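Derivation of every value follows stated rules applied to the coordinates shown; laboratory data play no part. The structure presented is a predicted model; accordingly, all values stated were derived computationally and were not measured. FYI the Cβ positions are ideal-geometry reconstructions off the backbone, even for glycines, and counts take in every protein chain you see.
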Amino acid sequence: MELFDLTIHELHELFASKKVSSLEATKSLLARIDTTDPKINAYITVAGEKALADAVAADQLIAKGAAGTLTGIPLALKDIFLTEGIRTTCASRILNNFIPPYSATTYEKLKEQGIVLLGKLNQDEFAMGSSNESSAFGPTRNPWDTSCIPGGSSGGSAAAVAARLATATLGTDTGGSIRQPASHCSCVGLKPTYGRVSRYGVIAYASSLDQVGPMTRDVTDCAIMLNAIAGHDPKDSTSVNTPVPDYTAALTGSVKGLKIGLPKEYYIDGLDADVQSAMNQAIETYKKLGAEFVDISLPHTDYAVATYYLIATAEASSNLARYEGVRFGHRTEQAEGLIDMMTKSRSEGFGAEVKRRIMLGTYALSSGYYDAYYVKAQKVRTLIMRDFIQAFNDVDMILTPVAPTPAFKIGEKINDPLQMYLSDIFTIPANLAGTCAMSIPAGFSGSGLPIGLQLIGKPFGEDSILRAAHAFEQATEWHKRTAQI
Amino acid sequence: MKYQPVIGLEVHVQLKTDSKIFCGCSTKFGAEPNAHTCPVCLGLPGALPVLNKKVVEFAIKAGLATNCSITHRSIFARKNYFYPDLPKGYQISQFEDPICQRGWLDIVIEGETKRIGITRIHMEEDAGKLVHGDVSGLGEGSGADLNRACTPLLEVVSEPDLRSSDEAVSYLKQLHQIVTWLGICDGNMEEGSFRCDANVSVMPVGAEQYGTRAEIKNVNSFKFVKQAIEYEIERQIDLIEDGGKVVQETRLFDPNSGKTRSMRSKEEAHDYRYFPDPDLVPLVIDSDWIKRTHSEMPELPEHRRQRFITEFGIPEYDAEVLTANRALAEYYEECVAFHHNAKVVSNWVMGEITRALNESGLSIDNCPVTPRLLAELLRLIDNGTISGKIAKTVFDEMWISGKEPKTIVEEKGLVQVSDSGAIELIIDEILAKEAGQVAEYRSGKDKLFGFFVGQVMKVSKGKANPAVVNELLLKKLQG
C-alpha cells in the first residue's frame with residue numbers, strides 16, 4: 001500500500017499517530033501525478049510548490065495537536081473553483097490566463113481545515129458536457145480503460161480519485177456532473193441538496209442547478225468532506241440557513257425497514273445488460289440488509305432532459321455574458337471597435353459545445369420564445385419536483401442506475417450532441433427537483449468498466465443516503481478494486 | 001389641427017445608502033477609478049449578489065410616499081445586454097413583479113389639482129461609467145470606471161398622464177422633494193442622483209389613440225426637462241404637419257442648442273431577454289415590515305404643509321415656502337414650539353433667516369441662529385424690551401457672535417425706552433426746537449408727522465418705543 005492509495009480517514013489515522021507526515025503523503029501524490037497523470041490528463045494545473053508549503057504548515061498543526069480530520073490531506077479541486085493566486089481556467093481558452101483575486105467559500109473552508117492543495121482538475125469546458133471531451137486542455141482518460149471517457153463534466157475529479165492522483169476531490173453537479181463520472185470511474189460522488197453548499201466563488205454554469213460536492217474513494221471520506229463544506233454562506237443568497245448535522249455520525253446504523261423506491265421510468269427496456277445486472281445484484285444486496293422495495297412512478301421523467309437543456313442553457317447564456325474580453329480573460333489581438341472586440345474574444349475563447357449551449361439558451365429566452373420554452377420548462381420542472389415530493393411520501397429514498405451504459409469510447413459521441421445529452425437521463429431529474437443524490441460503486445461490466453448505483457434522497461436527507469450507501473459498501477467489495485494504469 | 005402632447009416620465013433615483021445594492025462596496029462619489037469595487041460588482045467569475053436591506057426599506061418608503069401598493073412577493077430579473085460599463089453582461093433589475101405598483105402624485109397647475117399616476121417603482125443596479133481619452137497612458141482609448149456599478153437605483157415610472165412641460169416639471173419637482181425629504185436621495189441632479197427620461201408623443205385633440213412616442217434620455221435639470229419637452233412637442237407636430245411620421249426612438253437633449261437629436265442606432269429594438277435572476281430569492285415583504293417602515297417615515301411635505309396651515313394658522317404661501325425642504329420645516333416647527341406666534345416666526349424665518357443664509361452661503365442645517373435663539377429674540381420684541389427694528393440689528397450680531405440676544409441688548413445698551421416720561425421730554429425738546437414745522441403740521445401738513453417721529457428716533461438713538469412715540473407725539477402735536 002502506497003500513501004497515495006489511502007483514504008482520508010486512513011491517512012488521518014497515520015498523521016494522528018505520527019506514523020506518517022503530511023509532507024510524505026503529499027510527496028507521494030506529487031510523484032505519482034508526475035509519473036501517471038500524463039496517461040490520464042486529470043490535472044490542468046499542478047500546484048507543486050504550494051502543496052509542499054501547505055503540507056509543511058499542516059504538519060505544524062498536527063505537531064501542535066491542533067489538527068482536524070482533514071488537516072494535511074492532499075486534495076485537488078475541479079478547475080471551476082476559484083483559488084486565489086492560482087490559475088483557474090474552467091477548462092476554457094477564455095480563462096487561460098485568469099488568476100483569481102479571491103477564493104471560493106468551499107475552498108476557504110477546506111483551507112481552514114488545513115488541507116493541502118495539489119492542483120486544479122480537468123473538466124468539460126464551463127461544466128458543459130458528460131465526457132470531459134470539450135476541455136480546451138485535452139480529454140481526461142478513464143483510469144479503468146484509457147481509451148474511454150471518464151465521464152463529465154467533473155471527469156478530472158473522478159479520474160484523479162480513481163487513479164490515486166489525489167486522496168479526494170471536489171466537483172460540481174448541474175445535470176449529473178459529479179455522479180456520472182463517479183459511476184464511470186468507480187468512486188463515490190455526492191450532489192447535495194440545492195442550497196446545502198455555497199456556490200460563491202464557483203464559476204457559474206446554471207445558477208438554479210449547480211451544486212458543489214465531494215468525490216472520494218469511499219462513503220466515509222464523502223461524509224468527512226461534506227461536513228467540511230456544507231453550511232450557510234451569507235455571500236450566497238441561495239444557500240440555505242439550516243443546521244448541518246455530523247454526516248459521519250450517520251454512517252453507523254442499519255437499513256432494516258428502509259423503504260427504497262424503484263421508479264419504473266428508470267428501469268426501461270434497452271438498459272445496458274451489464275447495468276441491469278448490476279442493479280439487480282444491488283437490489284438483492286439491499287434486500288439481504290433488510291431494506292424493502294416499493295415500485296413507484298415518477299411520471300414526468302421523460303421530459304427531464306428537454307427541461308434541463310432549456311433551463312440550464314438559458315441561465316448559462318446569461319452567466320457567460322461576462323466573458324467579453326473587457327476586464328479579464330482572453331481578449332482578441334486585433335479588433336475594429338467594441339462589438340468586434342467582444343465578438344472575436346468570445347468566438348476565439350469559447351469551445352464548440354459552450355457556443356452551442358449559449359445559442360440555445362439565448363434562443364430559449366428570446367422575445368417570442370420565452371413563454372413557449374423557458375417558462376414552459378420551469379413549469380414542467382415544478383411537475384418533476386412534485387413527482388419526487390409525492391414519491392417521498394411513500395419511500396425514504398430512490399434507487400436507480402446512474403448512466404444508461406458504462407463509459408463509452410473517447411470520440412464515440414462527440415459528433416452527436418443529442419446522443420450525448422441523453423446519457424444524462426437518470427441524473428438530471430434530481431438537479432431539477434433540487435434534492436440530494438449520490439453515486440456509489442456497484443459493479444463492473446464484462447469489459448471491466450465501472451458501474452455505479454444512484455441513491456436519490458429527500459431534500460436535506462444527505463445523512464440518510466450516506467447511511468444507506470455506507471451499508472451497501474460494507475456489504476460489498478466494489479470500492480476496493482483499483483484501476484491498473 | 002390642434003395637437004395635445006402626451007408625456008410620461010421615467011426617473012432614476014440614486015439611493016443614499018452607504019453601500020451598493022448587491023455588495024458591501026462604498027457608494028461614495030468622487031473616488032479614484034475602480035477604488036470601490038469587489039468581485040461582485042466587478043462581475044468576476046463565481047461572484048454572487050446579496051441584497052442590501054436598506055435599499056428595500058428606501059423603496060418601501062418611496063412607494064408609501066407615492067401611494068403605491070407594496071408588492072408582497074417581488075422578483076429580481078436579469079436585463080441582458082453587452083456593454084463595457086455593465087460588468088456581468090446583464091443588469092439586475094425588476095421586470096414582472098416590481099416592489100411598488102399603482103401609485104399617484106397630485107400636482108397643482110394653475111390652481112387646479114391633477115392626479116398623475118405612477119405605474120411602478122422598481123429597484124435596480126446602476127452601470128459603471130465610461131471614460132474616453134488617454135485613460136491609461138497608452139494612447140487614445142476608453143476605460144471603464146466601475147465605482148458606480150451596482151449602486152442602488154429606484155426607477156419611478158409615471159403613467160402617460162402629463163399633458164404639458166409645466167405639468168412635467170411640477171411632477172418632477174414634487175417627486176424630487178419627496179425623495180430628498182424622505183432622506184433616501186441627496187437630490188443632486190448635477191452629480192446624477194436624479195435623472196429623468198421623458199417619453200413624449202402628440203395626438204390630435206379628441207383622438208382616442210396615443211401617437212408614437214420618442215424617448216428623451218437622461219435630462220438632468222428641471223430647466224432642461226422643460227426645454228427638451230417643449231422642443232420635442234414642436235418637432236413632432238412640425239413633422240406630422242409636413243406629412244412625416246414620428247419614429248419610436250431614443251433621443252438626446254443638447255442643452256447648447258436646445259434641441260433633441262436622435263441617438264445613433266445602437267437602439268435597434270433591443271431584446272433584453274428578461275428572466276428571474278436565479279441567484280436571488282423572491283423578496284417577501286409582509287405587512288409588519290410595511291408598518292414598521294411607515295412608522296419610521298417623516299411627515300411628508302404635503303401633510304406638513306396642510307398642518308402648518310390648519311394648526312398654526314399661517315397662510316398657504318408661508319406654508320409652502322417653509323416646507324421647501326425638511327430641514328427648514330423642522331427648524332420652523334422647533335421655533336414655533338418655543339415662541340407660539342406662528343406668523344411672526346414665519347415672517348422672520350422667511351425674511352431675516354433666509355436672507356442671512358443666502359448671504360453667507362449656508363444651509364439651514366448650519367444656521368448659527370438656532371430656533372431657541374430666534375425665539376428668544378422674538379420674545380424680547382414681544383415683551384417690549386426692543387423694537388422690531390432694533391431686533392434686526394441684534395439679529396445680525398447674533399449671526400456673527402452666536403451670543404444670546406439678551407446679552408447683546410445689554411452689552412450694546414439697546415434696551416427700548418418705553419417710559420412715557422422720558423419720551424415726553426424728548427418730544428418736548430424737539431417740538432420746541434422745530435416750532436416752525438409744528439406750525440406747518442398744525443396748519444394741515446400731515447406728512448410732517450414722519451419727520452417728527454424720525455427726529456425722536458434720532459435723539460433716542462432708535463431706542464424709543466415706536467408705539468409710545470406715536471401716541472404721545474400725536475397728542476402733543478394736536479395740542
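Restricting segment B:1-99 to trypsin sites (Lys or Arg not before Pro) that sit in a DSSP loop and have at most 12 other Cβ atoms within 10 Å of their own Cβ leaves B:K2, B:K28. Here the gap between B:E359 and B:K476, fully extended at 0.36 nm per residue and compared with their Cα-Cα distance, gives a gain of 37.8 nm.
Residues whose amide H lies under 5 Å from that of A:V116, counting only those 5 or more places away or on a different chain, are A:G72, A:I73, A:L75; hydrogens are built 1.01 Å from N in the peptide plane. Here segment A:112-189 is treated with +1 on each Lys and Arg Cβ and -1 on each Asp and Glu Cβ, and its dipole about the Cα centre works out to around 180 debye. Between B:V131 and B:R261, what is the label-point separation in nm under the 7 Å Cα-to-beta-carbon projection? Modelled inter-label distance: 2.6 nm. Neighbour counts of C-beta atoms inside 10 Å place B:E411, A:E315, B:E10, A:E336 in the sequence A:E336, B:E411, B:E10, A:E315, starting with the fewest. The calculated P(r) of segment B:299-411, using every Cα pair and 10 Å bins from 0, goes 14, 48, 30, 7, 0 in percent. Antiparallel versus total DSSP beta bridges in chain A: what percent is that, nearest 5? Percent antiparallel among DSSP bridges in chain A is about 65. Restricting the trypsin sites (Lys or Arg not before Pro) of segment A:219-320 to loop positions (DSSP other than H, G, I, E, B) with no more than 13 neighbouring Cβ atoms within 10 Å leaves A:K256. The helix-based estimate of mean residue ellipticity at 222 nm for chain B, built from -39,500 (n - 2.57) per DSSP H run of four or more residues and divided by its residue count, is -12000 deg cm²/dmol to the nearest 500. Note on A:D302 and B:L252: with the Förster distance fixed at 51 Å, the Cβ-Cβ geometry gives a FRET efficiency of about 0.45. Using alpha-carbon positions, what is the distance between the centroids of segment A:324-353 and segment A:398-450, in Å? One Cα centre to the other: 34 Å. Fully extending the segment from A:E112 to A:M1 would add 37.1 nm, taking 0.36 nm per residue of separation and subtracting the current Cα-Cα distance. Between A:T476 and A:F293, the simple label model (points 7 Å from Cα in the Cβ direction) yields a spacing of 1.3 nm.
Rounded to the nearest 0.05, what FRET efficiency do B:E299 and B:N34 have when you use their Cβ-Cβ distance and R0 = 45 Å? About 0.65, to the nearest 0.05. Positive end of the dipole of the protein assembly as shown (Cβ unit charges, origin at the Cα centre): among A:S345, A:T36, B:G421, the Cα lying farthest that way belongs to A:T36. The C-alpha atoms of chain B define a longest principal axis, and helix B:420-433 lies at about 70 degrees to it. Report the normalised scattering of the protein assembly as shown as log10 I(q)/I(0) at q = 0.09 Å⁻¹, calculated by the Debye formula with identical scatterers on the alpha carbons. Normalising to I(0) and taking log10 leaves -0.99. Fully extending the segment from B:M1 to B:S26 would add 3.6 nm, taking 0.36 nm per residue of separation and subtracting the current Cα-Cα distance.
For chain A, relative contact order (Cα pairs under 8 Å, six or more residues apart, normalised by length) works out to 17 percent.
Amide H contacts of B:I216 (H built 1.01 Å from N, in plane; Pro and chain starts excluded): B:A198, B:N199, B:V200, B:R251 sit under 5 Å, all sequence-distant by 5 or more or on other chains.
Rg and Dmax, both from the Cα atoms of chain B and both in Å, are 30.6, 99. Of interest is the spacing of the C-alpha centroids, which for segment B:149-179 and segment B:198-271 amounts to 17 Å. Shielding by partners for peptide A:207-213, expressed as the average number of C-beta atoms from other protein chains within 10 Å of each residue's C-beta, is 2.
Between the amide H of B:Q4 and those of B:M203, B:V205, distances stay under 5 Å, these residues lying 5 or more places away or on another chain, with hydrogens modeled in the peptide plane.
Where the centre of each part is set by its Cα atoms, how far does segment B:39-97 sit from segment B:413-479, in angstrom? Each part's Cα centre sits 74 Å from the other's. Over the C-alpha atoms of chain A, the Rg to Rh ratio, Rh being the Kirkwood estimate, stands at 0.95. Averaging over all projection directions, the Cα-based convex hull of segment B:420-477 occupies 3.3 nm² in the image plane. Beta bridges from DSSP with both residues in chain B: antiparallel share about 95 percent, rounded to the nearest 5. Computed across segment A:87-128, the Kirkwood hydrodynamic radius from all distinct Cα-Cα pairs reaches 11.6 Å.
In sequence order, segment A:272-282 has phi-based couplings of 3, 4, 5, 5, 4, 5, 4, 5, 4, 4, 5 Hz under the Karplus curve 6.51 cos²θ - 1.76 cosθ + 1.60, θ = phi - 60°, and Gly or Pro positions carry x. Phi angles of segment B:373-380 translate, via the Karplus equation with coefficients 6.51, -1.76, 1.60 and θ = phi - 60°, into HN-Hα couplings of 5, 4, 4, 4, 4, 5, 5, 5 Hz per residue; Gly and Pro are given as x.
For chain B, the longest principal axis of the Cα atoms and the long axis of helix B:466-477 meet at an angle of about 40 degrees.
Cross-link check: pairs B:K406/B:K476; B:K343/B:K412; A:K19/A:K480; A:K344/B:K129; A:K27/A:K409; A:K27/A:K78 evaluated at a Cα-Cα cut-off of 26 Å; pairs beyond the cut-off: B:K406/B:K476; B:K343/B:K412; A:K27/A:K409. Which entries of A:K355/A:K376; A:K376/A:K458; A:K355/B:K88; B:K79/B:K217 have Cα-Cα distances beyond 20 Å here? In this structure, A:K355/A:K376; A:K376/A:K458 exceed 20 Å between Cα atoms. Entry for segment B:3-289 at q = 0.08, 0.16 Å⁻¹: log10 I(q)/I(0) = -0.36, -1.39, Debye formula applied to identical alpha-carbon scatterers, no solvent contribution.
Taking every alpha-carbon pair under 8 Å whose residues sit at least 6 apart, chain B reaches a relative contact order of 14 percent. Between B:N366 and A:E333, the simple label model (points 7 Å from Cα in the Cβ direction) yields a spacing of 5.8 nm. The phi-based Karplus calculation (6.51 cos²θ - 1.76 cosθ + 1.60; θ = phi - 60°) puts the 3J(HN,Hα) values of segment A:224-239 at 4, 5, 5, 3, 6, 9, 6, x, 5, 10, x, 7, 10, 5, 9, 8 Hz, whole numbers, x for Gly and Pro. For chain B, the longest principal axis of the Cα atoms and the long axis of helix B:388-401 meet at an angle of about 50 degrees. Placing a label point 7 Å from the Cα of A:K379 along the Cα-to-Cβ direction, no residue of segment A:302-326 has its backbone N under 12 Å from that point. Among B:254-261, B:294-301, A:49-56, the peptide with the highest mean count of other Cβ atoms within 10 Å heads the list, and the full ranking is A:49-56, B:294-301, B:254-261.
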